[in-house]
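S.K.: Attaching a single structure in structure tokens format; questions to follow.
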Amino acid sequence: MKNIHAEFVKYGKNAKYWLRRCEMLLPEIAREEIWKKKRFSSIYEYAAKLAGMNHEKVNECLRIMKHIEDKPELLEVAEKKGLGAVRPVVTIATKETAKLWAKKVEVMSKHTLITYVRDCKIGRPGTADEQEVTI
């Protein structure tokens, strides 16, 4: 029983790793229309049949990647932690602030990061604009 569990965990980790890799490739697959060359009716069918990704996941991946494609620091974090980790910062990060946001993504929990981003957006006094958060 222990071996079965260990094997399951191993495969689960590998599945997450490979799914993240697939997510990172989607923009290039869309741009070069590889899905069409491989005779799929859409990128959604391509991603579903080859990687088990649903329609919403494909849209989300393409949207996030569009926001971070010119921000290498965030791309690096996305490759390590997945696109879901950088999702909270994609609309607020700029080329100039990408390094700062990449560090925040690496050290903050997702919930803390979401709150931090929200506070930055609304400029709430006593929050991100006025103090550095140490986690």
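The values are calculated or read from the model by the stated rules, or taken from the named source; none is laboratory data. Just so you know, these numbers come straight off a predicted model, no measurement behind them. Cβ placement follows ideal geometry from the backbone for every residue including glycine, while neighbour counts extend to all protein chains displayed.
S.K.: Could you list all residues from the range 59-80 that are more than 23 Å from residue 44 (Cα to Cα) and part of a helix (DSSP H, G or I)?
M.R.: Initial filter on the range 59-80 (more than 23 Å from residue 44 (Cα to Cα)): 70-74, 76-77, 80.
72, 73, 74, 76, 77, 80 - these are the residues of the range 59-80 that are more than 23 Å from residue 44 (Cα to Cα) and part of a helix (DSSP H, G or I).
S.K.: Just one of (1) part of a helix (DSSP H, G or I); (2) closer than 23 Å to residue 82 by Cβ trips up residue 5, so point out which.
M.R.: (2)
S.K.: Here are the criteria: (1) surrounded by 14 or more Cβ atoms within 10 Å (Cβ to Cβ); (2) without any contact (Cβ under 8 Å) to a residue 24 or more places away in the chain. Tell me which single one residue 93 does not satisfy.
M.R.: Among (1) surrounded by 14 or more Cβ atoms within 10 Å (Cβ to Cβ); (2) without any contact (Cβ under 8 Å) to a residue 24 or more places away in the chain, the lone unmet condition for residue 93 is (2).
S.K.: Of all residues in the range 27-74 being surrounded by 15 or more Cβ atoms within 10 Å (Cβ to Cβ) and in contact (Cβ under 8 Å) with a residue 40 or more places away in the chain, which is nearest to residue 101 (Cα to Cα)?
M.R.: 65
S.K.: Take the residues in the range 111-126 that are of a type outside the set (Lys, Arg) and under 16 Å from residue 97 (Cβ atoms), then tell me which one is modelled with the lowest pLDDT.
M.R.: Taking the range 111-126 first, the residues of a type outside the set (Lys, Arg) are 111-117, 119-120, 122-123, 125-126.
Within this subset, residues satisfying the condition of being under 16 Å from residue 97 (Cβ atoms) are 113, 116-117, 119-120, 123.
On the way: 113: 94, 116: 93, 117: 93, 119: 90, 120: 88, 123: 78.
Filtering the range 111-126 for residues that are of a type outside the set (Lys, Arg) and under 16 Å from residue 97 (Cβ atoms), the one modelled with the lowest pLDDT comes out as 123.
S.K.: Out of all the residues in the range 50-106, which are within 21 Å of residue 35 (Cα to Cα), among the aliphatic types (A, V, I, L, M) and under 13 Å from the mean Cα position of the chain (by Cα)?
M.R.: Let us first name the residues in the range 50-106 that are within 21 Å of residue 35 (Cα to Cα), namely 50-66, 69.
Filter once more, keeping what is among the aliphatic types (A, V, I, L, M): 50-51, 53, 58, 62, 64-65.
Within the range 50-106, 58, 62, 64, 65 meet the criteria.
S.K.: Select from the range 18-58 the residues that are of a type in the set (A, V, I, L, M, F, W, C), touching a helix residue (DSSP H, G or I) at 6+ places or on another chain (Cβ under 7 Å) and part of a helix (DSSP H, G or I) and list them in ascending order. Break it down stepwise before answering.
M.R.: Taking the range 18-58 first, the residues of a type in the set (A, V, I, L, M, F, W, C) are 18-19, 22, 24-26, 29-30, 34-35, 40, 43, 47-48, 50-51, 53, 58.
Now drop any that are not touching a helix residue (DSSP H, G or I) at 6+ places or on another chain (Cβ under 7 Å), which leaves 19, 22, 24, 26, 29-30, 35, 40, 43, 47, 51, 53, 58.
Within the range 18-58, 19, 22, 24, 26, 29, 30, 35, 43, 47, 51, 58 qualify.
S.K.: Moving on. Select from the range 105-125 the residues that are of a type in the set (A, V, I, L, M) and part of a helix (DSSP H, G or I) and list them in ascending order.
M.R.: Of everything in the range 105-125, those that are of a type in the set (A, V, I, L, M) and part of a helix (DSSP H, G or I) turn out to be 105, 107, 113, 114, 117, 122.
S.K.: From the list 102, 15, pick out the single residue that is surrounded by 15 or more Cβ atoms within 10 Å (Cβ to Cβ) and either outside any loop (DSSP other than H, G, I, E, B) or of a type in the set (Phe, Trp, Tyr) (or both). Explain how you work it out, then say what you get.
M.R.: Details: 15 fails: surrounded by 15 or more Cβ atoms within 10 Å (Cβ to Cβ).
Being surrounded by 15 or more Cβ atoms within 10 Å (Cβ to Cβ) and either outside any loop (DSSP other than H, G, I, E, B) or of a type in the set (Phe, Trp, Tyr) (or both) holds for just one of 102, 15, which is 102.
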